[in-house]
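Student: Here it is, the structure in full.
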């Protein structure tokens, strides 16, 4: 018998019924150990064990946040009056609807105006209930609805010695083989307590690689294996390389402030090449303003780097790069303001559009996505252009994972002086990662829950 | 842009009965992705190079070709128009085009289509009417000839569309919704279209008149486009062809499109070489025909509603779409290029292995974060986006440690000890690669974090001389600095919700 089992049984022989929690306290052992040992004793028929489930109200993560920062509707009141569009997203999402419901504020002409004064509002029902975790049914219901509290089940075990347990003669076993036992040879006479293989072991908190890194490494391996050279560039780029060199007209919607992050300051234009780019823009779009091209942006695609690569390299060349790109977006479960893009290019006199299908199919095949669909698409800098969908049997649907094409002559000619075929693609790393691992919320990948990173599976 | 189609309506415009599923497949493989099918409604994504597809008529015309029901250039009833346009003054929106179309049997679908077409063309191709705008009128409410002229805003007077009383140009711009929205496009004067008895047709690009509006009884139409660049012909062609598909007879007006196809040189051998496919000569006419493009052996013949087909590469793409993207085999060319990785990324990966071995979890936080997180301790010289939509993502990080602290703060309900690290770019102010780590538990100590750094230094071959360092992020006397970076015990004021001691380090990975 395990020494702890012996200790528990000895205790129970003299006394009556106990919860494992109480047992642990009385004997000075860990509660998990008390439970585990009681289980083991009950399997031997020496104690009887029964389970009692009670529920308890606890604050959720959001609830704790509200405790710390205050009710969203009250925080909202602090910044009023304010234009609806200027409200912080978080307060707009929850605070506003409740402030309206309570008739604290009114909406007029796109502006939120207070009806009541913040300091006269007093404690609301929810606030009181959240603080005390008590209150009438309605208040608790409200807290649950707002996901600030949840019922947590607590399971307790009660143990009691059986008749046999009271009668049995208790003998301590040996639990661990020690250097001393080995050296002295006493292990030969010792009685070892058997393992309880179904019991959990000692919990480990592992060090692990992030899922995005795992995917980046897989992608690097595939492209290096296909003979591509790896490259990297700056996340801060000039509009010239991000847009103009890629033949994106200066009045294109993608260049507007609502889609692209602009930085203050100006970039210098590469002299010779900007003259050629200017000429091609003037010829096709009528005008070209160097000041627009000099504006600094957070690159919206790694394709900006690809343009530089074909300017700096001679064919044949195969180059790939995995880098951050930025979109001026409001975050939700599908959208992030920054993403990784896997960019590749093949710059070769002999390469064909059919080869583009070959590279893309091969890439996805190596990642384990064997059913892909390539559709016609449109990008300002490629022609022909394609979009790549991968079929997901779980969702019974095609999901878009990236775009590709052959750079237009209007892109290639100014940069290289000739019309040489260039295959190019940009694939979304986060989406591929989510599908690969079965992750359904893109926000899980950044500022993640530690528990998720510690326990996630390395494949779907 | 997203276009909504009524399946029954498209069906009625197709030459053969077509199952919904077949139509959706064809739309996808044509390059107009089907976003959603909801009962009878199909929502498709139309690319900006194809303004001709913003109507059910345009889509059905394309599908009639692509599905093989009606190959080659579209054929319509055409003639010279009875309407004459006189240009008196034309300096504000100098590019003009007109047409008329007669004999339409009006119905609800046509009205809906005209409205959708006008709206989508204005916002996309027309760049919110700045570059181009379109007007559609009931021809029977107009007495030609029509005079194109310009007048000061306060001299213009008519009943604008949707209003009940006569207003001056000035009033229209100040008081009507459309006027307010587009007032920036006009200065003191505006273009005005007037007919022979003085009825005002419109004041482009703002609004048409109530007197000449299209309604359920309209049979004959007058169409205009005004703009700041070439392309007004295309817009008039798009709208006119859509009505011609409904059975109308096109009338040419000068200036305006003639509806005779453009001849553009196309080298089909070169195209096949670029695509990597072989097409039999007798197949070429059929394939281009599927795209509603004609072929005479050396020139491609392009309908006037397609402004996007000009160069060799444009026809190459048409040929590829007609051939079918699903028919490309996907060849992998032989190549003797050898892949080479970036040593910086290899180094980062080796470092990750070491950190994981030391029991650290890798995290990733945003490069673009908030000033609130970064400037807790009075940081300056941050790089900020001038136009960020949300404060949460407006500032490029200049350190990794704040992101790690933020991570620890949102994970206080996870088990301790928590050991985390991140390798990533910061902007200080130049872009550079760094590694940072943090340890949080009730006994997090100097000795533990220093032990991690010592181990890391041995692996990296760093020979570092540490000296005490004062920094607002760390407790006084509990931080040290070397040429690669620093470590120390995080200042309690920064711990927030964590409520446990945290030690951390941050080191540069580039050259010193």
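Every number here is computed from the coordinates shown, using simple stated rules; none is lab data. As the structure is a prediction and not an experimental result, all values here were calculated from the model. No Cβ is skipped: glycine too gets one built from the backbone with ideal geometry, and neighbour counts run over all protein chains shown.
Student: Between residue B:267 and residue B:39, what length in nm is gained on full extension when 0.36 nm per residue of separation is reduced by their alpha carbon distance? Walk me through the numbers on the way to the answer.
Tutor: On the way: separation 228, 0.36 × 228 = 82.08 nm, distance 4.39 nm.
Here the answer is 77.7 nm.
Student: Could you pull the Cα extents of segment B:180-315 along its three principal axes, largest to smallest, in whole Å?
Tutor: So the extents along the principal axes, rounded to whole Å, are 60, 35, 24.
Student: Could I ask something else about it? So what's the Cα pair-distance distribution over segment B:1-114, bin width 5 Å, in %?
Tutor: Values per bin, smallest distances first: 2, 9, 18, 19, 16, 13, 10, 6, 4, 2, 0.
Student: Calculate, in whole percent, how much of the Cα-Cα pair population of segment A:1-138 lies beyond 25 Å.
Tutor: On the way: 5124 of 9453 pairs.
Every Cα pair in segment A:1-138 considered, those over 25 Å come to 54 percent.
Student: Please compute, for peptide A:446-455, the average count of beta-carbon atoms on other protein chains lying within 10 Å of each residue's beta-carbon.
Tutor: Details: counts 7, 11, 7, 5, 13, 4, 2, 8, 4, 0.
Counting Cβ atoms of other protein chains within 10 Å of each residue's Cβ and averaging gives 6.
Student: Now, a different point. Please quote Rg/Rh for segment B:262-324 to two decimal places, taking the Kirkwood radius as Rh and restricting both calculations to Cα atoms.
Tutor: Working: Rg = 10.3 Å, Rh = 11.4 Å.
Looking at segment B:262-324, the ratio lands at 0.91.
Student: Would you mind giving the three semi-axes, in whole Å and largest first, of the ellipsoid equivalent to segment A:289-434 according to its Cα gyration tensor?
Tutor: On the way: eigenvalues 132, 89, 30 Å².
Each semi-axis is the square root of five times an eigenvalue, giving 26, 21, 12 Å.
Student: Among B:391, B:318, which comes first, then next, by fewest other beta-carbon atoms within 10 Å? Present the calculation step by step, with values, prior to reporting the outcome.
Tutor: Details: B:391 13, B:318 25.
So the ranking, lowest neighbour count to highest, is B:391, B:318.
Student: Right, here's the next one. So what's the back-of-envelope 222 nm ellipticity for the protein assembly as shown, counting only DSSP H runs of four-plus at -39500 (n - 2.57) apiece and dividing by all residues, rounded to 500?
Tutor: Values: 33 runs with 316 residues, N = 972.
Taken over the protein assembly as shown, the calculation gives -9500 deg cm²/dmol.
Student: Across 10 Å bins from the origin, how do the percents of Cα pairs in chain B run, short distances first?
Tutor: Reading upward from the zero bin: 3, 15, 18, 13, 12, 14, 14, 9, 3, 0.
Student: Ranked from highest to lowest mean number of other Cβ atoms within 10 Å per residue, what is the order of the peptides A:248-255, A:382-389, A:105-112? Present the calculation step by step, with values, prior to reporting the outcome.
Tutor: Numbers: A:248-255: 17.1, A:382-389: 23.6, A:105-112: 13.9.
Per-residue Cβ counts within 10 Å, averaged per peptide and sorted highest first, yield A:382-389, A:248-255, A:105-112.
Student: Counting partner chain Cβ atoms within 10 Å of every residue's Cβ in A:375-383, what's the average?
Tutor: Details: counts 10, 13, 6, 10, 2, 2, 0, 2, 8.
The per-residue average across the peptide is 6.
Student: Where does each of B:231-238, A:194-201, B:396-403, A:287-294 land if you order them by average Cβ count within 10 Å, highest first? Spell out each step's value before the answer.
Tutor: Details: B:231-238: 25.4, A:194-201: 9.1, B:396-403: 23.5, A:287-294: 15.0.
Those peptides, ordered most packed to least, come out B:231-238, B:396-403, A:287-294, A:194-201.
Student: If you don't mind, another one. Please list the radius of gyration and Dmax for segment B:2-66, considering alpha-carbon atoms only, with Å as the unit.
Tutor: Computed over the Cα atoms of segment B:2-66, radius of gyration and Dmax are 10.3, 29 Å.
Student: In Å, the Kirkwood hydrodynamic radius of segment A:59-141 over pairs of distinct alpha carbons?
Tutor: Numbers: mean 1/r = 0.0748 Å⁻¹.
About 13.4 Å, per the Kirkwood formula over Cα pairs.
Student: Return the Rg/Rh ratio of segment B:343-508 with Cα-based radii and a Kirkwood Rh. Don't skip to the answer; put the middle values down first.
Tutor: Numbers: Rg = 15.3 Å, Rh = 16.2 Å.
My calculation puts Rg/Rh at 0.94.
Student: Moving on to the next point. Mind checking the mean number of beta-carbon atoms from other chains within 10 Å of the Cβ atoms in B:322-335? Mind dumping the intermediate values first?
Tutor: Numbers: counts 0, 1, 1, 10, 4, 2, 10, 4, 12, 10, 8, 10, 1, 10.
Mean shielding by partner chains, rounded to a whole number: 6.
Student: Have a look at segment A:219-269 and give its Rg and Dmax from the Cα atoms, expressed in angstrom.
Tutor: 15.1, 40
Student: Along each principal axis of its Cα atoms, how long is segment B:383-450 end to end? Whole angstroms, biggest number first, please.
Tutor: 43, 26, 14
Student: Take the protein assembly as shown, compute every pairwise Cα distance, and split them into 10 Å bins from 0; I just need the percent in each bin.
Tutor: Binned Cα distances yield the sequence 2, 9, 15, 18, 18, 15, 11, 6, 4, 2, 1, 0, 0.
Student: Using the Cα atoms of chain A, I'd like the radius of gyration and the largest Cα-Cα distance, Dmax, both in angstrom.
Tutor: 32.8, 102
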